[in-house]
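The numbers here are math on the coordinates, done by the rules we state, and not lab data. All values derive from a computational prediction rather than experimental measurement. So basically every Cβ, Gly included, is an ideal-geometry build from the backbone, and we count neighbours across all protein chains shown.
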Amino acid sequence: MKTSLTYGAAMAIGGALLVLGLYFFGFHSEIAKLGAAQWIGTCGGLAVSFACLYLGLKARRAEVPPTEEFGYGRALGNGVMIVLFGSLFSTVTNFIYFQFINPGFADLIIRAQSLKMEEKGMPGAQIEQMEKMMQFMLRPGMQTVSGFFGGMIMGTILALIAAALVKRAAAEPPVGIS
C-alpha cells in the first residue's frame, strides 16, 4: 500500500508540474497555443503516468520474495492501486488549478471551440447552445470529477501494459533446499 501511495503521489505531482509548466510558458493563455498544449499535455501526461506505473510496479515486485510469484494479476492489481491514488491526488491539484490558479482557462477553451464551430459554418444558435453545455462541463467541480474518471480509465489501460512488462514467475528454490 505504501508503494502504491508513493508512486500515485509521484504521478499526481508529475502531472501537476506538467500542467503548471504549460501554464507558465503561456500555453494555457492563448487560443493559438491550445493545440500544442493539448498535444504536449497528453503525451507528457502519458509518459509521466507510465513511468510512475512501471517504476512503482518494479518497486513492488522487488518487495516480493523471488520465490513468490508476482504474476500478471498481482501486478495489475498494484498498478490499479497506483492509478487510484494518482487520480485521487490529481483531483485536488486539478481543482486548485481550475478554481484558483487559472480560472479563465475554461473561457479560453470555450472561445477556441466557438471559433472552430464558426469556421465550420455552424449557425449561431447552435454555437450558443454548445457554449452553454461547455460552460457547465468546464466548471472546476465537473473538470475534477471527469478528470478522476478519465484518469482511472486511461491509467488502467496503462497498468494493463505495465503489468505485462513487470510480471515475474516464482523462482525455483535451489536444489536440496525445501
Q.
Can you give the local net charge around R139? Use residues other than it whose beta-carbon is closer than 15 angstrom to its beta-carbon, Lys and Arg +1, Asp and Glu -1.
A. -1
Q) Considering every Cα-Cα pair within the chain, what fraction, in whole percent, is farther apart than 25 Å? A) 45 percent
(Q) Can you compute the label reach from A47? Point 7 Å from Cα along the Cβ direction, backbone N cut-off under 20 Å, restricted to region 78-113. (A) none
Q) Where in the chain are the helices, taken as whole DSSP H runs, whose Cα atoms extend 18 angstrom or more along the long axis and whose Kyte-Doolittle mean reaches at least 1.0? A) 2-24, 72-96, 140-166
Q) Points 7 angstrom from Cα along the Cβ direction at M122 and R168: gap in nanometres? A) 5.2 nm
Q: Would you calculate a helix-derived [θ] at 222 nm for the chain, using -39,500 (n - 2.57) for each DSSP H run of n ≥ 4 and dividing by the full residue count, to the nearest 500?
A: -26500 deg cm²/dmol
Q | Distance (nanometres) between label positions extended 7 Å along Cα→Cβ at A32 and T67 | A | 6.7 nm
Q) Which order results if L160, L34 are arranged by neighbouring Cβ count within 10 Å, fewest first? A) L160, L34
Q: For every other residue with a beta carbon closer than 12 angstrom to the beta carbon of R111, add +1 if it is Lys or Arg and -1 if Asp or Glu, then tell me the sum.
A: -3
(Q) Applying a 10 Å radius around every beta-carbon, put 100-113, 15-28 in order of their mean neighbour count, most first. (A) 15-28, 100-113
Q | Contact order normalised by residue count of the chain, Cα under 8 Å, 6+ apart, percent | A | 35 percent
Q. Counting Lys and Arg as +1 and Asp and Glu as -1, what is the net charge of the other residues whose Cβ lies under 11 Å from the Cβ of A171?
A. -2
Q | Under 26 Å from the Cα of K116 - lysines, other chains or at least 8 residues apart | A | K33, K132
